[in-house]
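Accompanying notes for the structure given below.
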Amino acid sequence: VAEAYGSLEPQINAWPLDENMIDYTIDANGKKTSGNIIDTKGDFNPGGEESKVINVDTISVEAITALNENGGAANVATGYHAVEFLLWGQDQDYSNFMKDSITKGAMKAGERPLSDFTSDKYAQRRLSYLKAASSKLVTDLKKVASGWSPNISKDCSVNFEGCYRGAINHLLTGADAKKNITQNEALKQILSGMGVFIKSEIANERIAVAVLTPSEEDEPSCFSDNTHRDIVTTYQGFKNVLTGKYKDIQGKSFLDKVDAKTKKKITKLMASIEKRIDSINTVAMTKAHFDYQIRPDNPQARVIVALKNKMRKLGDMMLIVAKQNGVDLTSDDVTDPNETEI
């Protein structure tokens, strides 16, 4: 599906990002950085491999889209985390990722001053960036959602509505018919994607890298300290697909076709995962954000490591779920070959 219609994920949720490309930060020497999109007029070169110069006289949706991942994966200019940085600003200390001298305290996140958007020299450009990034994010999310509409477009090159749903259900017609995929291939993509998502993306990249380094810089929402909610909601998304349930809507579940022993094992594993997620979430909202929980001297670090291990195990369980749903997968299918080695 992504090959047929393009993937908006890098525009929506790319991470980690080099925030210095977007706006100023306080560097390891305590000095304010410059040479970013907001303080540059005219042509801006994001740097990196084969980067392309983009004119940023006007900070527009078109400009930041062209800059996103231009020159490298860390050159992120759009999406959730770009908006997050614009709103909260820097939280981490670049001289020592666990020192916390920028915004001190276990319950403190980034504290961008209001003056950055009012009286600062670049206030108007910052507002323009925030407006462009927010507008693009909403547009991209609406496009993804529209792709699952029950109303199937007759020409996906013009109208994207229902095109994801149409492709995986073999309902596209006309010139789009060649983009239909078989039921088995659709199930394979969904189940392997679930495995990679829970095992490599959440457990490894979003949790393990931060807690085992340890590094505040490597938590997903390092500006707003909202990582605990990232973990809650991304896991919930995985659970929704696995169980076929969304809020009060109950559809068919992949677990309907697994044997009783396997279902019991998965249910027990998920309960164990949810217990640890609840712990991380509760502590983050009452005592210490995720960036303090990952510290080696904090007992919560062991909870987070255990969560990571159990999530990776659940990712591997997708092989059994797939098999009992008539789909053959290998360990490689549920593991991102580019995941960070910890």
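Here residue 263 clears all of (1) out of contact with any Lys or Arg (no Cβ under 8 Å at 6 or more places or on another chain); (2) part of a loop (DSSP other than H, G, I, E, B) except the condition numbered (2).
Restricted to region 4-90, the set of helices (runs of 4 or more DSSP H) holding at least 3 residues that are of a type in the set (Val, Ile, Thr) and not assigned by TED's automatic domain parsing to the domain that holds residue 193 comprises 61-67.
Identify, from the list 215, 253, the residue that is closer than 30 Å to residue 110 by Cβ, surrounded by fewer than 18 Cβ atoms within 10 Å (Cβ to Cβ), of a type in the set (S, T, N, Q) and out of contact with any Asp or Glu (no Cβ under 8 Å at 6 or more places or on another chain). Spell out how you get there, then give the answer.
Values: 253 fails: closer than 30 Å to residue 110 by Cβ.
So the residue among 215, 253 that is closer than 30 Å to residue 110 by Cβ, surrounded by fewer than 18 Cβ atoms within 10 Å (Cβ to Cβ), of a type in the set (S, T, N, Q) and out of contact with any Asp or Glu (no Cβ under 8 Å at 6 or more places or on another chain) is 215.
Can you say whether residue 164 is in contact (Cβ under 8 Å) with a residue 24 or more places away in the chain, part of a helix (DSSP H, G or I) and either more than 23 Å from residue 331 (Cα to Cα) or assigned by TED's automatic domain parsing to the domain that holds residue 27 (or both), as far as the supplied structure shows? Spell out the reasoning first.
On the way: in contact (Cβ under 8 Å) with a residue 24 or more places away in the chain: yes; part of a helix (DSSP H, G or I): yes; either more than 23 Å from residue 331 (Cα to Cα) or assigned by TED's automatic domain parsing to the domain that holds residue 27 (or both): yes.
Yes.
Whether any residue in region 120-130 is surrounded by fewer than 16 Cβ atoms within 10 Å (Cβ to Cβ) and farther than 14 Å from residue 23 by Cβ is what I want to check. Within region 120-130, not a single residue is surrounded by fewer than 16 Cβ atoms within 10 Å (Cβ to Cβ) and farther than 14 Å from residue 23 by Cβ.
Would you call residue 224 under 20 Å from the mean Cα position of the chain (by Cα), more than 29 Å from residue 337 (Cβ to Cβ) and assigned by TED's automatic domain parsing to the domain that holds residue 277?
Working: under 20 Å from the mean Cα position of the chain (by Cα): yes; more than 29 Å from residue 337 (Cβ to Cβ): yes; assigned by TED's automatic domain parsing to the domain that holds residue 277: yes.
Taking the combined requirement at face value, the residue satisfies it.
Taking (1) modelled with pLDDT of 95 or more; (2) loosely packed, with under 12 Cβ neighbours inside 10 Å in turn, residue 338 satisfies each apart from (1). For residue 307, the stated conditions do not hold, so it cannot be described as surrounded by 16 or more Cβ atoms within 10 Å (Cβ to Cβ), touching a Leu at 6+ places or on another chain (Cβ under 6 Å), in the same structural domain as residue 241 (by TED's automatic domain parsing) and outside any loop (DSSP other than H, G, I, E, B).
Which of the residues that make up region 119-147 are within 30 Å of residue 167 (Cβ to Cβ) and of a type in the set (Lys, Arg)?
In the first step, residues of region 119-147 are kept if they are within 30 Å of residue 167 (Cβ to Cβ); the result is 133-147.
Answer for region 119-147, where residues must be within 30 Å of residue 167 (Cβ to Cβ) and of a type in the set (Lys, Arg): 136, 142, 143.
Within region 287-300, being surrounded by fewer than 18 Cβ atoms within 10 Å (Cβ to Cβ) and either closer than 16 Å to residue 225 by Cα or aromatic (Phe, Trp, Tyr) (or both) holds for 287, 295. Among the residues of this structure, residue 190 does not count as one that is in contact with a helix residue (DSSP H, G or I) (Cβ under 8 Å, 6 or more places away or on another chain), more than 21 Å from residue 298 (Cα to Cα) and part of a loop (DSSP other than H, G, I, E, B). Residues that are in contact (Cβ under 8 Å) with a residue 12 or more places away in the chain, more than 20 Å from the chain's Cα centre (by Cα) and in a helix (DSSP H, G or I) do occur in region 232-246. Screening residue 138 on (1) within 20 Å of residue 22 (Cβ to Cβ); (2) surrounded by fewer than 12 Cβ atoms within 10 Å (Cβ to Cβ); (3) more than 23 Å from the chain's Cα centre (by Cα) shows it passes everything except condition (3).
The values are calculated or read from the model by the stated rules, or taken from the named source; none is laboratory data. Quick caveat, the model's predicted, so the values are computed rather than measured. Note: ideal-geometry Cβ built from the backbone for every residue, glycine included; neighbour counts use all protein chains shown.
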